[in-house]
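Here's the structure, in structure tokens; my notes come after.
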Amino acid sequence: AAIWDELKDRLHKSAMGLSGGQQQRLCIARTLAVEPDVILMDEPTSALAANETQKLFEAIRMLKKQDVIIIYISHRLQELWEIADSVTVLRDGKYIGTEPISSLQHKDIITMMFGDVEIKERPGDLKVQDGIIMDVKHLTRKGKFQDVSFQLRKGEVLGIAGMLGSGRTELLRCIFGADPYDSGEILGDQ
């Protein structure tokens, strides 16, 4: 019902005009109309923003309460702890194993997926240089991103990543002065 309530104003419009998350929820709503026992979701969050992903997870939790079996295929391991009861790993077309999610850590799933691999960490002898060359404090642009803070030191490489619609492009445009921001500050070694 919650899915339909959100989409009812768009019932007579093309699904192409819906966001990725709304299209995903529309597919779930259509699926629920036939009262399925099993739903297969293959990488359902691959094109969703964080808020859309959370709404999808809410729908999945609701379906679980209605005893619907959900097969959820994903390479995003962090999602599994939010919605999965168990994890099954296939590697090179072969069944590796099934384990309850409560008994697994990230490294356990990685080992199941790839075999014994060395999980690399940041080298302990890495020397962070003195001198902050950029200091971003509580940068906010309403409706795009909020309260972003980080420091960048000489010689460092900073990666900014996020899903489509997460605000990463808007953040970069503000940092480089192409767009205004509402609050916060950008300090740098000029």
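The values are calculated or read from the model by the stated rules, or taken from the named source; none is laboratory data. The structure presented is a predicted model; accordingly, all values stated were derived computationally and were not measured. Glycine also receives a Cβ, built like all others from the backbone with ideal geometry; neighbour counts cover every protein chain displayed. Quick note on the areas: whole protein, heavy atoms, side chains included, nothing else; ligands and nucleic acids left out. Shrake-Rupley method; radii C 1.70, N 1.55, O 1.52, S 1.80 Å.
From largest accessible area down, sort ARG61, ARG30; use a 1.4 Å probe on the protein chains. Display every interim value, and only then the final one.
Numbers: ARG61 85, ARG30 140 Å².
So, going from the largest accessible area down, we get ARG30, ARG61.
Quick one: of LYS107/LYS142; LYS65/LYS144; LYS65/LYS142; LYS64/LYS144; LYS55/LYS144, which pairs are farther than 30 Å apart, Cα to Cα? Kindly include the intermediate steps, with their values, before the conclusion.
Details: LYS107/LYS142 37 Å; LYS65/LYS144 34 Å; LYS65/LYS142 36 Å; LYS64/LYS144 32 Å; LYS55/LYS144 18 Å.
LYS107/LYS142; LYS65/LYS144; LYS65/LYS142; LYS64/LYS144, as the Cα separations exceed 30 Å there.
Taking only protein heavy atoms and a 1.4 Å probe, what accessible area per residue, in Å², does region 38-190 have with all protein chains in place? Don't skip to the end; give the middle numbers.
Numbers: 10660 Å² over 153 residues.
That works out to 70 Å² for each residue.
Counting each DSSP H run of 4 or more residues in the chain as -39500 (n - 2.57), what helix-only mean residue ellipticity at 222 nm follows after dividing by all residues, to the nearest 500 deg cm²/dmol? Spell out each step's value before the answer.
On the way: 6 runs with 59 residues, N = 190.
Calculated at 222 nm, the ellipticity per residue is -9000 deg cm²/dmol.
Angle, helix 20-32 long axis vs. longest principal axis of the chain, Cα atoms, 0 to 90°, nearest 10?
Between helix and principal axis, roughly 10 degrees.
Taking Cα atoms, how many degrees apart are the long axis of helix 50-65 and the longest axis of the chain, rounded to 10 and kept between 0 and 90?
30 degrees
So how much accessible area does ASP92 have, in Å² to the nearest 10, using a 1.4 Å probe?
The accessible area of ASP92 comes to roughly 140 Å².
For region 68-190, build the charge dipole from Cβ charges (+1 Lys, Arg; -1 Asp, Glu) around the Cα centre, then report which of PHE114, LEU104, TYR181 sits farthest towards its positive end.
Result: TYR181, furthest along the dipole toward the positive end.
When the accessible area of the chain is split by element with a 1.4 Å probe, what percent falls to carbon and sulfur?
Values: 6840 of 13240 Å².
Answer for the chain: carbon and sulfur cover 52 percent of the accessible area.
Given Cβ point charges of +1 (Lys, Arg) and -1 (Asp, Glu) and nothing else, what value in debye, to the nearest 20, does the dipole of the chain about its Cα centre take?
Working: 24 positive and 29 negative charges, 94 e Å.
Here the chain has a charge dipole of around 460 debye.
Counting only the heavy atoms of the protein chains, how much of TYR95 is accessible to a 1.4 Å probe, in Å² to the nearest 10?
Near enough 140 Å² of accessible area.
Going toward the positive end of the dipole of the chain, with +1 on Lys and Arg Cβ and -1 on Asp and Glu Cβ, which of GLY143, ALA47, PHE57 do you reach last?
GLY143
Along the charge dipole of the chain, which of LEU158, CYS27, VAL68 sits closest to the positive end, that is, farthest toward it, with unit charges on the beta carbon of Lys, Arg, Asp and Glu (+1, +1, -1, -1)?
Positive-most Cα among the choices belongs to CYS27.
How large is ³J(HN,Hα) for each residue in region 147-152, as worked out from phi by the Karplus curve 6.51 cos²θ - 1.76 cosθ + 1.60 (θ = phi - 60°), to whole Hz, x for Gly and Pro?
Using θ = phi - 60°, the values come out as 6, 8, 9, 6, 10, 10 Hz.
Kirkwood hydrodynamic radius, the chain, all distinct C-alpha pairs: what's the number in Å?
20.3 Å
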